[in-house]
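First the structure, in the form of structure tokens, and then the observations on it.
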Amino acid sequence: MSQRQTILSGIQPTGKLHFGRYFGAIENWKRLQESYDCVYMVANYHAMSMPFESRKLAENTWEICFNLLACGIKPENLFIQSLIPEHAELNWILNCFSSYGQLTRMTQFKDKGAQNEDFVSAGLFTYPVLQAADILVYKADLVPVGKDQEQHLELTRDIAQRFNNFAGKEVFPVPEALFTKIAKVMSTADPNRKMSASLGDKHHIDVFADESRIRKQIRSAVTDTGGEDAGAMSPGVANLFSLLEAAGQTEAHASLLQDYESGNLRYADLKETVAEGLVAISQGIQENLKELKQDRRAVKDQIKQSSWEIRKRAQETVKEVKGICGLVR
């Protein structure tokens, strides 16, 4: 077993793989796997907490696996959550170490529940505990998170400490947050809102879109929204600079920022440079995906095998936890 610190992170197989998800999570995952013991999860159990279609869920699960591999995630680090039933088993056990009151204060439950008031599932209410099980079943030391997931990680930490107190020893490391440099990518159509496929096509830029589509969306990006303080960079311009930095265009970022500060920036130049950076990333990923799809069966078998290998780690943890709890095995 590697002595490197363990990282667990996951992505739901919902929506398109847009640049917000790429820069906010996946590009970071690719870099982290070079220095850490990483396990990356396609969280299809979590996707069930909101209304879903079974056929679409299966299709999306495999699609995101292929997309992640195309982005540079190593197959041996990738698994599908539902292929490792120990996640659900540990989830039940940890439910019994979770505070009902704390779950009622989860802001994401309130926000997502408001989106579908006709039916709010118990799964939506308790999925932060499943998220805790996802992390703790691999005894993860670090969890890459955005600001919107801080509350869930704090719950995980509380559950870990409560179980450790029950056991009288440190069974679970208390995981720490690992914040991404690009914490949040905003919509180019409304820079006050996070880039999201659920808001509609104009609010996200698909990593797998045609070059012309990417360029068109960047050209139409909102710059000044009105109401900015005098001399302050508008949210739209700040978002474009953030995208430019995320795309690795360091020299162009510095040069254009100097133009901005001197009052000589042409928005058309900024947008063109951002588009160039995004198109270059997209084309490389799309070429990788095309190659992967030449033998889809082999790739699926590879993911099933990696899920099986990763499952062995989860089995050891659940075996230990059940023994501590006095559960007959």
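The values are calculated or read from the model by the stated rules, or taken from the named source; none is laboratory data. Just so we're clear, the structure is a prediction, and the values are computed from it rather than from any experiment. Cβ atoms come from the backbone with ideal geometry, glycine included; neighbour counts cover every protein chain shown. Each accessible area value is taken on the protein alone, full model and side chains, heavy atoms only, with ligands, DNA and RNA left out. Shrake-Rupley method; radii C 1.70, N 1.55, O 1.52, S 1.80 Å.
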Suppose we keep only residues that are in contact with a Gly (Cβ under 7 Å, 6 or more places away or on another chain) and open to solvent by 50 Å² or more (accessible area, probe 1.4 Å) within region 29-88. Which one would you say is modelled with the highest pLDDT?
K30
Please tell me if V328 is open to solvent by less than 80 Å² (accessible area, probe 1.4 Å) and either at pLDDT below 95 or in the same structural domain as M41 (by the TED database) (or both).
no
Every listed condition ((1) touching a Leu at 6+ places or on another chain (Cβ under 8 Å); (2) open to solvent by 60 Å² or more (accessible area, probe 1.4 Å)) holds for I218 save (2)
Evaluate the following for D210: is it surrounded by fewer than 22 Cβ atoms within 10 Å (Cβ to Cβ) and either modelled with pLDDT of 85 or more or of a type outside the set (S, T, N, Q) (or both)?
yes
What are the residue pairs meeting all of these: first residue in region 311-329, first residue more than 24 Å from I7 (Cα to Cα), second residue open to solvent by 40 Å² or more (accessible area, probe 1.4 Å) and of a type in the set (A, V, I, L, M, F, W, C), Cβ atoms under 8 Å, and 6 or more apart or on different chains?
I324/F166
Region 141-158 residues that are modelled with pLDDT of 90 or more and assigned to a helix (DSSP H, G or I), paired with ones that are among the small types (G, A, S) and crowded, with 20+ Cβ neighbours inside 10 Å (beta carbon under 6 Å, 6 or more apart)
T156/A132
Looking for something on the phi > 0 side of the Ramachandran plot and within 16 Å of the chain's Cα centre (by Cα) - is there at least one such residue anywhere in region 7-23?
yes
Among the candidates A246, A275, A268, single out the residue that is surrounded by fewer than 13 Cβ atoms within 10 Å (Cβ to Cβ) and small (G, A, S).
A268
Note: among Q302, Q315, Q286, just one is touching an Asp or Glu at 6+ places or on another chain (Cβ under 7 Å) and open to solvent by 60 Å² or more (accessible area, probe 1.4 Å), namely Q315
Sole exception among (1) over 22 Å from L8 (Cβ atoms); (2) part of a strand (DSSP E or B) for T188, by number
(2)
Given the conditions (1) in contact with a helix residue (DSSP H, G or I) (Cβ under 9 Å, 6 or more places away or on another chain); (2) at pLDDT below 95, report the number of the one that Q286 does not fulfil.
(2)
Region 52-108, subset of a type in the set (F, W, Y) and part of a loop (DSSP other than H, G, I, E, B), residue nearest to F19 (Cα to Cα)
F52
